[in-house]
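See structure below.
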Amino acid sequence: MAIYGTFVLNFCDFTRNAVSRKAITRGNFFGIPLNMLFFAVIVVMLSGSQYLIDGEIITSPADIVEAIPNTTLLVLAALALIIVTVAVNLIANFVAPIYMFTDLFPRYLTFARSGLVTAILGLIILPWNLYNSPVVIEYFLGGLGAVLGPVFGVIIADYWLIRRARINVPDLYDNKATGDYYYVNGYNLRAIGALIPAALITIIIALVPYFDSFSEFSWFIGAGLGALFYLIVADRSMPIRDVSGEPIAIPSVH
């Protein structure tokens, strides 16, 4: 959930060039839940088969592939693992920072240039060295999920429960003080006020050993707390308008 929760928070990166709502629904149905279920079933079947053979439980996809005794199947499985690894990293770790850089420096960075910058930064950081340590993985993903859960909760509470899926799209791209999303100098202080305590509580649950029995559910706990706190402090007197973005839409150049 900590990993795939990032997709929800960056959902606009995958829908900004969609031609219709139907295309968004169809693409995400086949691309996320169905695709995840397909590969999850494969991993569970391989792990279960290995356990039946010699009583060993293998949880790493790379180790599962390595354990395949048939050369032809081993090559096919290795190719499948490479494709899945590239696809997941493109979606989870590549698209979002590319759009972030193009938004921060639109005069200097195109989509292609931002992709190059992101790739170079990825090489410099060397994240695969971090993932060699199970402790780093646990604390990194635990801390990440503890923060992203409350962010998800605040967004869902605002979008679904308060705004009822009504969005003023033009005002999302306008920094005028009278805009629907200007709040206080462009910051929704009430949302931040709901996020901070929810994130602090969830980080403690995720990382403090005393709460080990609850740490696996830190993302869900954080999402619930973030939504609850925001519903308590949200300003319900703010304007809520549903305005299409079609009049300001321009063709994609990516």
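The values are calculated or read from the model by the stated rules, or taken from the named source; none is laboratory data. Note that the structure is a prediction, hence the values are computed from the model and not measured. Because the Cβ atoms are built from the backbone with ideal geometry, glycine has one as well, and the counts that use them run over all protein chains shown. Surface accessibility is based on the protein's heavy atoms, side chains included, excluding ligands, DNA and RNA. Shrake-Rupley method; radii C 1.70, N 1.55, O 1.52, S 1.80 Å.
State whether one or more residues within the stretch 112-121 are under 29 Å from G224 (Cα atoms) and touching a helix residue (DSSP H, G or I) at 6+ places or on another chain (Cβ under 7 Å).
Scanning the stretch 112-121, I find no residue that is under 29 Å from G224 (Cα atoms) and touching a helix residue (DSSP H, G or I) at 6+ places or on another chain (Cβ under 7 Å), so the answer is no.
Under 6 Å by Cβ, and 6 or more places apart or on different chains, what pairs join a residue from the stretch 168-186 that is closer than 21 Å to R236 by Cβ and open to solvent by less than 90 Å² (accessible area, probe 1.4 Å) with one that is modelled with pLDDT of 90 or more and not in a loop (DSSP other than H, G, I, E, B)?
Partner pairs satisfying both residue conditions: N168/V243; G179/D171; D180/N168; D180/D171; Y181/D171.
Conditions first: (1) open to solvent by less than 80 Å² (accessible area, probe 1.4 Å); (2) free of Cβ contacts under 8 Å to residues at least 60 places away in the same chain. A146 passes all but one, so which condition is the exception?
Checking A146 against (1) open to solvent by less than 80 Å² (accessible area, probe 1.4 Å); (2) free of Cβ contacts under 8 Å to residues at least 60 places away in the same chain, the one that fails is (2).
Among the helices (runs of 4 or more DSSP H) lying completely within the stretch 155-254, list those that include at least 2 residues that are modelled with pLDDT of 90 or more.
169-172, 189-207, 218-233
Is it the case that the stretch 114-123 has a residue that's modelled with pLDDT of 90 or more, within 23 Å of F11 (Cα to Cα), open to solvent by 70 Å² or more (accessible area, probe 1.4 Å) and in a helix (DSSP H, G or I)?
Yes, the stretch 114-123 has at least one match.
From the residues in the stretch 149-166 that are surrounded by fewer than 18 Cβ atoms within 10 Å (Cβ to Cβ) and touching a helix residue (DSSP H, G or I) at 6+ places or on another chain (Cβ under 8 Å), which one is farthest from M238 (Cα to Cα)?
Looking at residues that are surrounded by fewer than 18 Cβ atoms within 10 Å (Cβ to Cβ) and touching a helix residue (DSSP H, G or I) at 6+ places or on another chain (Cβ under 8 Å), I get I156.
Sort through F214, F220 and tell me the only one that's open to solvent by 80 Å² or more (accessible area, probe 1.4 Å), in contact (Cβ under 8 Å) with a residue 12 or more places away in the chain and out of contact with any Lys or Arg (no Cβ under 7 Å at 6 or more places or on another chain).
So the residue among F214, F220 that is open to solvent by 80 Å² or more (accessible area, probe 1.4 Å), in contact (Cβ under 8 Å) with a residue 12 or more places away in the chain and out of contact with any Lys or Arg (no Cβ under 7 Å at 6 or more places or on another chain) is F220.
Inspect all residues belonging to the stretch 13-20 and state whether any of them is surrounded by 11 or more Cβ atoms within 10 Å (Cβ to Cβ), outside any loop (DSSP other than H, G, I, E, B), in contact (Cβ under 8 Å) with a residue 60 or more places away in the chain and not hydroxyl-bearing (S, T, Y).
Yes, the conditions are met somewhere in the stretch 13-20.
Which one of the conditions (1) out of contact with any Pro (no Cβ under 9 Å at 6 or more places or on another chain); (2) surrounded by 14 or more Cβ atoms within 10 Å (Cβ to Cβ); (3) at pLDDT below 90 does N93 fail to meet, given that it meets all the rest?
Every listed condition holds for N93 apart from (1).
Quick check: is even one residue across the stretch 24-47 of a type in the set (V, I, T), in a helix (DSSP H, G or I), within 22 Å of the chain's Cα centre (by Cα) and over 26 Å from F217 (Cβ atoms)?
yes
Under 9 Å between Cβ atoms, which residue pairs at least 6 apart in sequence (or on different chains) link something in the stretch 225-254 that is within 14 Å of D180 (Cβ to Cβ) and in contact (Cβ under 8 Å) with a residue 12 or more places away in the chain with a partner that is open to solvent by less than 50 Å² (accessible area, probe 1.4 Å) and among the basic types (K, R)?
I240/R163; D242/R163
For the stretch 49-65, enumerate the residues that are over 25 Å from P127 (Cβ atoms) and open to solvent by 80 Å² or more (accessible area, probe 1.4 Å).
Hits for the stretch 49-65 are Y51, L52, I53, D54, E56, I57.
Residue under question is I68, and the condition is that it be touching a Leu at 6+ places or on another chain (Cβ under 7 Å) and surrounded by 11 or more Cβ atoms within 10 Å (Cβ to Cβ); does it hold?
Here the answer is yes, as I68 does meet what is asked.
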